[in-house]
1. Cβ-Cβ distance below 6 Å, separation of 6 or more or different chains: which pairs start in the stretch B:105-130 with a residue that is closer than 17 Å to B:F340 by Cα and end on one that is acidic (D, E) and part of a loop (DSSP other than H, G, I, E, B)?
2. State all residues of the stretch B:229-255 that are of a type in the set (D, E), part of a helix (DSSP H, G or I) and under 25 Å from B:G315 (Cβ atoms); if no residue qualifies, say none.
3. Go through the stretch A:72-84 and report how many residues are free of Cβ contacts under 8 Å to residues at least 60 places away in the same chain, farther than 17 Å from A:H256 by Cβ and surrounded by 14 or more Cβ atoms within 10 Å (Cβ to Cβ).
4. Scan the stretch B:263-271 and tell me whether some residue there is over 30 Å from B:A303 (Cα atoms), outside any loop (DSSP other than H, G, I, E, B) and touching a helix residue (DSSP H, G or I) at 6+ places or on another chain (Cβ under 7 Å).
5. Quick one: is A:G320 farther than 21 Å from A:A272 by Cβ, in contact with a Pro (Cβ under 7 Å, 6 or more places away or on another chain) and free of Cβ contacts under 8 Å to residues at least 40 places away in the same chain?
6. Would it be correct to say that B:A372 is within 14 Å of chain A (Cβ to nearest Cβ) and at pLDDT 95 or above?
7. Which one is farthest from the other protein chains (Cβ to nearest Cβ) among residues in the stretch B:261-274 that are among the aliphatic types (A, V, I, L, M) and closer than 21 Å to A:D311 by Cβ?
8. Got a sec? Which of A:G430, A:G397 is under 23 Å from B:M282 (Cβ atoms), within 11 Å of another protein chain (Cβ to nearest Cβ) and at pLDDT below 95?
Number of protein chains: 2
Amino acid sequence: MLAAPGRAALVRARAQSSHLVSAHQTVTSSVSIASRHLATEAAATTSSSGRKKGPTAVLLMNMGGPSTSTKEEVGDFLSRLFHDRELIQLPFQSRLAPLIARRRTPKIVDQYDKIGGGSPILRWTNTQGKAMTDLLDQLHPETAPHKHYVAFRYARPLTEEALDQMAEDGVTRAVGFTQYPQYSCSTTGSNLNELYREIQRRKARGAPEGDIQWSLIDRWPTHPLLIEAFTNRVKAALDEYPEEIRAKVPIMFSAHSLPMQIVSDRGDPYPAEVAATVHGVMDKLGWSNPYRVTWQSQVGPAAWLGPQTSDTVKGWAKQGHKDAVVVPIAFTSDHIETLFELDQELHEEAEEHGLRLKRAESLNDEPTFIRAMAEAVTSHLSALEGTGRKIEGDKPGASVWNQGYTSKQMLLRCPGCVNPVCQEQKSFFGRVSP
Amino acid sequence: MLAAPGRAALVRARAQSSHLVSAHQTVTSSVSIASRHLATEAAATTSSSGRKKGPTAVLLMNMGGPSTSTKEEVGDFLSRLFHDRELIQLPFQSRLAPLIARRRTPKIVDQYDKIGGGSPILRWTNTQGKAMTDLLDQLHPETAPHKHYVAFRYARPLTEEALDQMAEDGVTRAVGFTQYPQYSCSTTGSNLNELYREIQRRKARGAPEGDIQWSLIDRWPTHPLLIEAFTNRVKAALDEYPEEIRAKVPIMFSAHSLPMQIVSDRGDPYPAEVAATVHGVMDKLGWSNPYRVTWQSQVGPAAWLGPQTSDTVKGWAKQGHKDAVVVPIAFTSDHIETLFELDQELHEEAEEHGLRLKRAESLNDEPTFIRAMAEAVTSHLSALEGTGRKIEGDKPGASVWNQGYTSKQMLLRCPGCVNPVCQEQKSFFGRVSP
């Protein structure tokens, strides 16, 4: 399905998006007002050929969520989700997906109501994107001005809307920057396949945005500043405990689970990358506490990767633990999985079993996280453009976010991959022969 | 079962063990002959109380393997393995285990025949232990002399034999040092539960070795020198390829798999620690190649963690890959899983599918690996004894191998743990109230 929204819908979406951008909270950063003005002016200049010179685009990719809890918006979100064969494979999917979406809509509307009437993920993404590009203009002026765009897989703004906006702005160079720190074929992979298909459609009809030069930050599970940002959040949670029990509180690093079919049959790299992030954070914490990697949001009867976050709460409670910290480790913004699943469902469950739960805050506008985003893109662009190193210790080609058009890891399909689009997409973005 | 071997068997085992120690290959290290003599002399001195002053023991724990391929030794090995309820839980286990062991013996005898008539794991462990303690005497003279002991879970020398030897040597202080870099309840955990039970038996009968002061290095998945040693082995394998294809060869980091019951239902930390080791090696390699973490040695009909190493070979071959490197990442010595499963079975399978396979050499006597062992113990001992830091950057309490009697992580049971011995064992080694 994924029907293209009509012109009116697009206009609505853009109006909403710019509203959200202008409403964003200013993030603590060292960006000067002067440089921001400079960037904006540069964005508006036209090249000698008379065509508007577009900014360097940074496309922030994520799953997204409905910005309101209306039945229509939640229903559309769920329908797109259940149609995505890169996420779920159902028999008679094109018929079954809308049915499942419709059946689940009231329950999910209720959940979005309970977190304030919609997902804050677009608001956070715009806040992060604006703060990141402000900093990026300073860190890598060679490619300034930079402008962020948002491509959600299941909610507005969709990939096609982002590309429309990029076309309108005259973008010729873009960095696709996944906001999932750890790569899964069902998350970043699905976004990239969608982006690839959308680019091919534009190429086919000769649209200029079909010729945008792309490169990708396709994963960044252990970017030093990302690790530092997570660590700051965990430390803040731990600091709330009296000193005498602080080091004994177990930590759950909770990531969205995956069906075992994706993990074991296909060989998705996600669980290993989640573990790498967790290891990085624990190392930064000086191994201050005992911990486990746990997995949340399992649905349906099939086998998923565990231990489940909720089972972990119950298990630890049964063993006599009275306290635990839960850290959302695979998303960078608040969304339904943190605000509803962890803060409401899991909290209640823990209370019932006599366990007091604290949640580490999501990264959201954490200043070190904004620097992580800006430095990852700077490192990526410097490596590709051959510009000087501005970040201490940065070595081109030595990290997964600065290896070239994509990471080397990105070019390797899962051993059990059954999706030919993955190969085409990898060849396209990696600029290698299929 | 785990029947105590008779006196004659013990004498045979010790004779064999010392034969193997004396036959060990000298490992490149900076150890001087003088200091080695000093250590040996010190080991032989007696304290003022007249009792022989024992060396500081380092007990190297591993699963082990039959040193010969005789039906008797292989049968005993398998019988112990299938009796271990910390590894496998079978209905009517005490009856079923010997039956399964007997049925599987001929096939496994054949496999040990094919790798030269037995497992080299005892020989390697003694080589490593001797070289490690030589270095350790230099690095941490405060606790010298050091002597290594071997406790295998399923093969000779068993835990009880190691304790007998330690009693004979007058040991009063011992470090239990797992030779599985990544912790699993079914590997290190099983060894520790066995050690705990054996200590309790000795305590009960008032034997002096019941009072040995223990501390543990219960995991060391990302010790910097361990990572460096693995990286050296991977680099050597990659260097065999012509430069033009070298960076494109995919790497499989192959670890022993686990049943999903242990991973998802219990919440075993092993998969996350394996991923951490792999991430460390890839980082050290500068992300030179694409890779996957894969899992080998699955048996039986239940679900195990994947992707399986052999499926990965087939999948990549199907996708057109012509080359791949396989790296044993969860064992530190050669044994049946490397010499037979990877070098023979997997190689044949790969060839059949048109994939040329190279295997990174096992760590065995890799000099950096020996240093890793010695530095891990030095760091552990310095932290506990409050002696000066001799290793650059070493911070007591900041790594899982120098946090005290055990790592903090060690004290946390799996959320789905169903084994009360785990709690007792953790309390005992951690010296905390249960």
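The values are calculated or read from the model by the stated rules, or taken from the named source; none is laboratory data. Because the structure is predicted, anything quoted here is derived from the model rather than measured. Here Cβ is always computed from backbone atoms with ideal geometry, including for glycine, and neighbour counts include all displayed protein chains.
1. B:P120/B:D334
2. B:E244
3. So the count comes out to 2.
4. Applying the first criterion (over 30 Å from B:A303 (Cα atoms)) to the stretch B:263-271 yields none.
Looking through the stretch B:263-271, none of the residues is over 30 Å from B:A303 (Cα atoms), outside any loop (DSSP other than H, G, I, E, B) and touching a helix residue (DSSP H, G or I) at 6+ places or on another chain (Cβ under 7 Å).
5. Considered against the rule, which asks whether it is farther than 21 Å from A:A272 by Cβ, in contact with a Pro (Cβ under 7 Å, 6 or more places away or on another chain) and free of Cβ contacts under 8 Å to residues at least 40 places away in the same chain, A:G320 comes out as no.
6. no
7. Pass one, the stretch B:261-274, residues among the aliphatic types (A, V, I, L, M): B:262-263, B:272, B:274.
Cutting the leftovers down to closer than 21 Å to A:D311 by Cβ gives us B:262-263, B:272.
Numbers: B:I262: 10, B:V263: 7, B:A272: 4 Å.
Checking each candidate, the answer is B:I262.
8. The conditions single out A:G397.
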